[in-house]
Amino acid sequence: ELEEIDLLLTDANIATMDSNINAPYGAIENAAIAIKNGKIAWIGEQSTLPSFDVFATPTLSVKGQWLTPGLIDCHTHLVFAGSRSQEFEQRLQGVSYEQIAAQGGGIASTVKATRAADREQLFVDAKDRLNTLLKEGVTTVEIKSGYGLDTENEIKILEVARLLGEHHPIDIKTTFLGAHALPPEYKGRADEYIDLVCTDMLDQVVANNLADAVDVFCENVGFSYSQTKRVFQAAKKHNLPVKCHAEQLSNQQGSQLVAQFNGLSADHIEHLNEEGVKAMADAGTVAVLLPGAFYFLRETKFPPIELLNQYKVPIAIASDFNPGTSPLCSVHLMMNMACTLFRLTPEQALAGVTRNAAKALGLDDRGILKVGARADIAHWQISHPSQLSYQFGVNKLLNLWILGRIN
Ligand SMILES: O=C(O)CC[C@@H]1NC(=O)NC1=O
Ligand SMILES: [Fe+3]
């Protein structure tokens, strides 16, 4: 007997993404979902639906269309000010990265604009981007800091991200990425900057409960293996999980380092090798692929998809939305690129923005439609889940529930 059900969805095809269901997409056809207090109370074949009070239960037939978990974008730099469109234009006019950097371009120009922006402006701009993602069925978004690069501004970014979580239906997870780039005032003094990141900055972020995880850009143009390790040790001291922008342009063994700290994910990983894959597999660290940055940078080195599959490393897909290397605010575009560029199957792409994206954020209450999970449910006018990766630009979202509330 199902009692006090808030909403019953019937006549559905459900891509549960539950790997315990032995069917592609964890699919259940002719199925129903019962929602109660924002959670899934029951899910299964409609013919096995327990009895319930027909008159007291709001019911919606989805007429054979598809339901999936709400989509999760597990890697974004969504809070920033300014634009890098003129750099984009300059590069296409033949100006080199070095010349642009010498003019104060690159990350430094976004840092300058973000430091100058107030919370209100940052909030309004980021809210606009969240609304874009909401319209395409996204229900959880991870937002990193990393354009402040001093205590006051890193705090400002994370406070805006927390505020967005309170005032927007999308559930926001935050990540402290103070070790994103070297700020101009620390030029040539990277170790001293890492001291600041590991002490004053992280202490204040933790004291104000502003971050759910800690990230580092481990790269020859970012921070070294040993500097990354210091930040991870500081994170561990504060019981914060770690993740890493790793092996994007070279192999600095950042992936092994994340695995050593039982970290949540290694992200980008175009230059990941078998040793790194093995370390990630042993640690349960998720591989987060960022096809938007690969595409926008016209990268040619592919991530080692076959090795990741061979070692059964969970693969997530994310937008990496940022003004410099992935100004592409769409999870569906990422699903299509993951298939077309990286040759993932549509089922792997959907798992990449649901079950595995949740795992990359250390969340076990979403990303799969099963009893007890959050009722974050997307209703699509599609004839098969593969359509979500195949087609881009035509919005097929009919309904979106977040914690059982319609949006
Ligand atoms: O160019 C930017 O603004 C960020 C670049 C971005 N950050 C990072 O760690 N890797 C990237 O591609
Ligand atoms: Fe990134």
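Read-outs throughout are calculated quantities, based only on the coordinates presented, and are distinct from any laboratory measurement. Please read these numbers as outputs of a predicted model, since none were measured by experiment. Cβ placement follows ideal geometry from the backbone for every residue including glycine, while neighbour counts extend to all protein chains displayed.
Restricting region 330-366 to residues that are under 12 Å from the mean Cα position of the chain (by Cα) and outside any helix (DSSP H, G or I), which is surrounded by the fewest Cβ atoms within 10 Å (Cβ to Cβ)? Top of the filtered list is Gly362.
Inspect all residues belonging to region 159-170 and state whether any of them is under 30 Å from Asn407 (Cα atoms), in contact with a strand residue (DSSP E or B) (Cβ under 8 Å, 6 or more places away or on another chain) and without any contact (Cβ under 8 Å) to a residue 24 or more places away in the chain. I'd like the intermediate steps shown before the answer.
Within region 159-170, the first condition is being under 30 Å from Asn407 (Cα atoms), and the residues that meet it are 159-170.
Subsequent filtering for residues that are in contact with a strand residue (DSSP E or B) (Cβ under 8 Å, 6 or more places away or on another chain) retains 161-162, 164-165, 169-170.
Checking the rest, the ones that are also without any contact (Cβ under 8 Å) to a residue 24 or more places away in the chain come to 165.
Taking every residue of region 159-170 in turn, at least one turns out to be under 30 Å from Asn407 (Cα atoms), in contact with a strand residue (DSSP E or B) (Cβ under 8 Å, 6 or more places away or on another chain) and without any contact (Cβ under 8 Å) to a residue 24 or more places away in the chain.
Of all residues in region 34-87, how many are surrounded by fewer than 15 Cβ atoms within 10 Å (Cβ to Cβ) and within 16 Å of ligand 1 (Cβ to nearest atom)? Number of matching residues: 3.
Only one of the numbered conditions (1) charged (D, E, K, R); (2) assigned to a helix (DSSP H, G or I); (3) in contact with a Leu (Cβ under 9 Å, 6 or more places away or on another chain) is not met by Asp320, and that is (2).
In region 211-223, which residues are in contact with a Phe, Trp or Tyr (Cβ under 7 Å, 6 or more places away or on another chain) and more than 16 Å from ligand 1 (Cβ to nearest atom)? Listed by number, the list holds a single entry, Ala211. For region 135-180, enumerate the residues that are within 12 Å of the chain's Cα centre (by Cα) and under 14 Å from Asn208 (Cβ atoms). Thr174, the sole residue that qualifies. In the condition set (1) within 16 Å of Phe217 (Cβ to Cβ); (2) of a type outside the set (A, V, I, L, M); (3) more than 16 Å from ligand 2 (Cβ to nearest atom), Pro304 is compliant with all but (1). Residues that are more than 30 Å from Asp364 (Cβ to Cβ), part of a helix (DSSP H, G or I) and out of contact with any Ser or Thr (no Cβ under 8 Å at 6 or more places or on another chain) occur at least once in region 66-85. Figure legend. Inter-residue proximity from region 240-257: first residues among the polar types (S, T, N, Q), second residues within 12 Å of ligand 1 (Cβ to nearest atom) and in a strand (DSSP E or B), beta-carbon distance below 6 Å, spacing 6+ or different chains. Indicated pairs: Gln248/His268; Gln252/Cys218; Ser255/Ala246. Scanning region 2-33 for residues that are crowded, with 16+ Cβ neighbours inside 10 Å, outside any loop (DSSP other than H, G, I, E, B) and polar (S, T, N, Q) returns Thr10, Asn13.
Restricted to region 128-156, and to residues there that are more than 16 Å from ligand 1 (Cβ to nearest atom), closer than 19 Å to Phe176 by Cα and of a type in the set (D, E, K, R), the residue that is surrounded by the fewest Cβ atoms within 10 Å (Cβ to Cβ) is Glu152. One residue alone among Val214, Val242, Val205, Val197 is crowded, with 17+ Cβ neighbours inside 10 Å and over 21 Å from the mean Cα position of the chain (by Cα), and that residue is Val197.
Grab the helices (runs of 4 or more DSSP H) fully contained in region 209-311, keeping just those with 3 or more residues being under 21 Å from Thr345 (Cβ atoms). Break it down stepwise before answering.
Details: elements: 225-237, 254-260, 274-283, 291-296, 305-310.
It comes to 274-283, 291-296, 305-310.
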